[in-house]
Structure formats: C-alpha cells, structure tokens
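What follows is calculated from the coordinates using simple rules that are stated; it is not laboratory data. Worth saying up front: this structure is predicted, and the values here are computed from it rather than measured. In this analysis, Cβ positions are derived from the backbone assuming ideal geometry, glycine residues included, and neighbour counts consider all displayed protein chains.
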Amino acid sequence: MKFVVDQQVEDIEMPENLKLNTFLQEFHTTCPHPECSFGYYGFAFGQSPFPVPPLVQVALIENANKGAYAPVPGIPELRNAISKYNRHYFGMDVAPERIYVGPGTKELIFNLLEILHGTVILPTPAWLGYLPQIRFLKKNFHMLPARANKKISPGDLKKLALRLQDRQKILILNNPHNPTGLLYDKFELEEIAYVCREQNIIIISDEIYAQTTYDFLKFVSMSKIYPEGTFVTNGLSKSHAAGGYRLGYVIFPQYATDLKNQFKKILATEYTAVSTPIQHAAVAGFEISKEIDDYFDVTRKIHHLMGEYTYHALSSIDGVKMTKPDATFYLLADFNAFRDDLRRSNITTSQKLSESLIVHPYHTAIVGGDSLVLERTDFSARIAYVDYDGAKVYQNYLNNKPKSSSERIEFVKNNAPKIVAGIEMIGKFFEDLKKEPLRDLEIQKSLMVPSS
Ligand SMILES: Cc1ncc(COP(=O)(O)O)c(C=O)c1O
C-alpha cells in the first residue's frame with residue numbers, strides 16, 4: 001500500500017532538534033571506531049538533567065486513578081496554583097481565569113500563532129522550535145537579527161515594524177534567552193514595550209527559563225511592563241526538569257476575554273485538555289512549598305556553576321567569543337575567528353562544523369548556527385552545559401556546597417568531567433585545524449545527514 005502524504009506536510013522540514021537526534025543516532029550505529037562506543041560530549045541537548053522534584057512524582061502516582069477528561073483550560077486547582085506561583089515568584093497579579101494550561105509551551109505557542117493575526121517578528125538567534133511552526137502555519141514573518149550584544153535593538157524593531165503593512169504584528173520575545181543565556185533587564189524591556197505600544201506589536205513572551213535566572217531577583221516578566229499586549233508562556237519543562245510531562249501554560253493579557261474564547265475553541269478542537277493526572281502532579285509543582293523552593297534554588301545554583309565554568313573554559317581557547325549567561329543552561333559560542341582555518345578544511349557551513357566535531361576523534365555534539373536561525377555560514381553554536389548526572393550532582397552539592405572560586409572549579413571538575421573534557425576537545429579541534437587541514441574523514445562522509 002502506498003500512502004500519499006498531504007503536500008502541505010511534505011513541504012515542512014523536520015525540526016532541527018529532531019534532525020540532530022537522528023544524526024547522533026546514526027553516528028552511533030555507523031561509527032567504526034571502538035572509541036565511538038563511549039558516546040559523545042553532549043553540548044547539544046536542551047534538557048535539564050535533574051530528577052523531577054519528588055513531590056511532583058508522588059502527586060502523579062497518587063492521581064493515577066483520575067481518568068476523567070479535564071476542563072479545556074485546565075483544572076481549577078492548577079490554574080489557582082499557577083496564579084499564586086506567579087504572584088510569589090514573579091510578582092505578577094494574574095487571576096486564574098487568565099491562565100490556560102496546555103501540553104507544553106511549544107504547543108501553546110503554536111496555538112497562539114494559529115489564532116493571532118499578523119506578521120511574526122522573530123529575533124535571531126532563536127530557539128530552534130519557532131521557525132518550523134511559523135512555516136507550518138504559513139505566516140508572514142521577518143527576522144530581526146540581534147546586535148553585537150546579542151539582544152534585540154528597539155531601534156531596529158521600530159524600523160522593521162514601520163516597513164510592515166499589517167495592522168497587528170507579533171514579536172516573539174524569549175527571555176531569558178535560548179541560545180545565548182542572556183536576560184533582558186527592566187529598562188531594556190521598557191524600551192521594547194515602548195516600540196510595541198507605538199507600533200501595535202503584541203508579544204508572545206516565552207519565559208520558560210525564568211526560574212533558572214541565576215540572580216533570581218533580576219528576572220522581570222514582560223507582562224508587568226506591557227500587561228495589555230503580552231502573552232506569557234511558561235511551564236514545568238525547564239524549572240522542574242519535566243519536559244516529558246508536557247505541561248505548559250499561557251497567561252493572557254488583561255481584557256482579552258473574547259480572545260480566550262477563541263483560544264478555547266482551538267484547544268477543544270485539537271487536544272481537549274492536558275492529561276488529568278499530569279495536571280494534578282503540576283499542582284504540587286506550582287504550589288508554594290519549601291521543598292520546591294529549595295529545588296529551584298539548588299538547581300539554579302548548579303546551572304550557574306556549570307555556566308560559569310563553561311564560559312571561562314571556552315574563553316581560554318584563543319579566538320572564541322561567547323555570551324556570558326545570566327540564566328538557562330546555554331551560551332552562544334562564536335567560532336567565526338576560525339573561518340579561514342575552517343575553510344581550508346572544507347568546512348564551509350555551520351552544519352559542516354557540527355558534523356566535523358561529532359566524528360572521531362572529537363566526539364563532541366553542539367547545535368550549529370543554522371539550527372539557531374543564523375546564516376548557514378555563521379560559525380556560531382549553542383553550547384548546553386548539562387552533560388552530567390543530575391541526581392548525583394544535586395546530592396553532592398547539598399553535601400558540600402562550593403564557596404570560593406577555586407572550590408567552584410573543583411566542583412565542576414569532580415562532578416561534570418564530560419563538560420570539562422568536552423571543552424578541551426573543542427579546543428583541540430581548533431588547534432588541529434590551525435596545524436593542518438583536517439582530512440576529509442571517511443566516516444564523516446558516510447554520516448552526512450541531508451541538510452534539507
Ligand atoms: C525557548 C524555549 N521555548 C519553549 C521550549 C519548549 O518547552 P515545552 O517543553 O514547554 O514545550 C523550549 C524547549 O527547549 C525552549 O528552549
């Protein structure tokens with residue numbers, strides 16, 4: 001039987017994160033070197049390594065018997081808990097009626113893009129999830145490249161908005177930011193909000209990494225600055241290391257009653273509601289408790305330690321530039337200073353750079369610039385610093401909190417040896433490149449993933 005796939009779907013590209021997955025799996029099965037069995041230094045995957053907070057796990061087990069469908073916007077207990085959570089942590093006064101729960105923020109962002117009219121403004125570099133959705137929905141969109149500081153320039157935003165004919169525009173703001181790890185401060189948000197008010201731009205503010213902000217009090221939600229035009233998305237995935245639970249929420253702007261009804265129609269049509277036991281488990285995750293508060297505090301501090309180490313270790317490789325993360329578990333490394341060396345080895349695109357780093361003898365997985373909505377020839381890469389055993393490291397941190405800067409370095413060396421060795425490997429790769437062009441490795445050819 002030959003099945004015919006709808007043309008609209010045929011035209012969609014595989015999202016970059018799945019392409020990467022496929023690539024790494026293929027690498028494992030086809031690499032002939034014994035060393036390949038060790039795996040690779042994993043700087044590619046954006047997943048928190050910690051266990052789901054035990055309180056949440058217990059709540060999931062206790063609610064396994066809840067087999068009834070939940071209300072479309074979410075169970076009242078959860079919407080209430082999320083409302084209180086936002087007041088407690090982010091100082092936001094959000095009535096539960098403004099909160100809709102969905103199966104992950106990725107889906108909710110997709111649903112928002114479905115119902116909101118207007119051209120999308122996508123600042124770059126960007127998380128690899130947005131662009132396939134925008135393309136799938138066939139929305140008009142424009143990139144807004146970051147300035148040298150890797151942030152949105154309000155002046156550039158205004159210039160772009162003035163060129164767009166739509167009466168409504170949609171800015172996707174991701175704060176704190178994947179892949180740079182940077183945080184927008186209150187003043188920067190105010191400047192962006194000023195342009196948005198003036199130019200009729202609404203904002204989808206993806207704040208999934210808010211809870212990871214190292215100096216937590218510095219985080220400010222855009223909805224406090226631009227409450228009438230901001231849709232905030234957040235969820236369990238990063239703060240509670242529970243991406244697999246698939247639970248996110250959106251906070252609607254004030255006075256958006258009609259829009260909420262339209263949104264409800266979409267959710268009811270597409271997925272009815274999030275799994276009921278998962279929603280009950282999420283209540284435990286969002287309710288204010290010492291256990292969860294300690295969990296946020298410890299995980300945030302460990303992300304900070306790893307980020308600090310990664311930043312400093314990469315900066316010791318001559319020529320590499322990188323963002324200094326304020327949050328998340330990523331930074332953006334810029335290898336463009338090696339452009340000539342790379343070209344001599346026939347590495348002409350960021351995809352080729354990722355492929356060359358993953359093969360023997362380097363075994364290092366990164367996310368190349370083209371997956372971050374940068375030019376194909378921009379040799380930037382996202383470096384995720386999460387390749388360690390989260391449960392063990394969490395416990396070790398509690399047992400022996402590093403204080404001085406030398407203790408902090410020691411902690412990373414003892415607890416995340418793959419991060420330490422992986423960064424050394426990146427250094428070795430660029431050193432080797434300088435010495436002589438890399439041989440066009442056989443395995444490399446056999447491993448090539450189609451770039452389309
Ligand atoms: C910036 C950003 N937004 C959204 C998501 C997806 O989150 P969720 O698991 O809630 O769909 C991710 C996951 O990597 C992300 O990095």
Report the normalised scattering of the stretch 171-272 as log10 I(q)/I(0) at q = 0.12, 0.14, 0.19, 0.24 Å⁻¹, calculated by the Debye formula with identical scatterers on the alpha carbons. -0.44, -0.59, -1.01, -1.32
In vacuo Debye sum over C-alpha of the stretch 34-165, base-10 log of normalised intensity I(q)/I(0) at q = 0.19, 0.21, 0.22, 0.23 Å⁻¹, listed in q order, is -1.26, -1.30, -1.32, -1.34
For the stretch 339-399 and the stretch 156-216, what is the separation of their Cα centres, given in Å? 27
Per residue, the convex hull volume that the Cα atoms of the stretch 297-370 enclose (Å³): 100
State whether the stretch 217-323 is rounded, prolate or oblate according to the following rule on the C-alpha gyration tensor (a ≥ b ≥ c being the square roots of its eigenvalues): a/c under 1.5 gives rounded; otherwise a/b larger than b/c gives prolate, and the remaining case gives oblate. prolate
Run the dipole for the stretch 54-288 about the Cα centre, Lys and Arg Cβ at +1, Asp and Glu Cβ at -1, nothing else charged, and hand back the magnitude in debye, nearest 20. 520
Expressed in angstrom, Rg and Dmax over the Cα atoms of the stretch 54-288 are 17.3, 55
Do any cysteines of the chain lack a neighbour Cys whose Cβ is under 4.7 Å away, and which are they? Cys196
Please compute the modelled spin-label separation between Ser37 and Lys186, points set 7 Å along Cα→Cβ, answer in nm with one decimal. 5.8
Given the pairs Lys218/Lys265; Lys352/Lys428; Lys138/Lys224, which are separated by over 26 angstrom at their Cα positions? Lys218/Lys265; Lys138/Lys224
Rounded to the nearest 10 degrees, the helix 105-115 long axis (Cα) sits at an angle to the longest Cα principal axis of the chain of 60
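When DSSP assigns beta bridges and you keep just the ones with both residues in the chain, what percent turn out antiparallel, to the nearest 5? Could the numbers behind the result be given before it?
On the way: 17 of 37 bridges.
Antiparallel bridges make up about 45 percent of those DSSP assigns within the chain.
How big is Rg to Rh over the chain, alpha-carbon atoms, Rh as the Kirkwood inverse-mean-distance radius? Spell out each step's value before the answer.
Values: Rg = 22.2 Å, Rh = 23.0 Å.
On the Cα set of the chain, Rg over Rh gives 0.96.
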Give the percent of DSSP beta bridges with both residues in the stretch 54-288 that are antiparallel, rounded to the nearest 5. 30
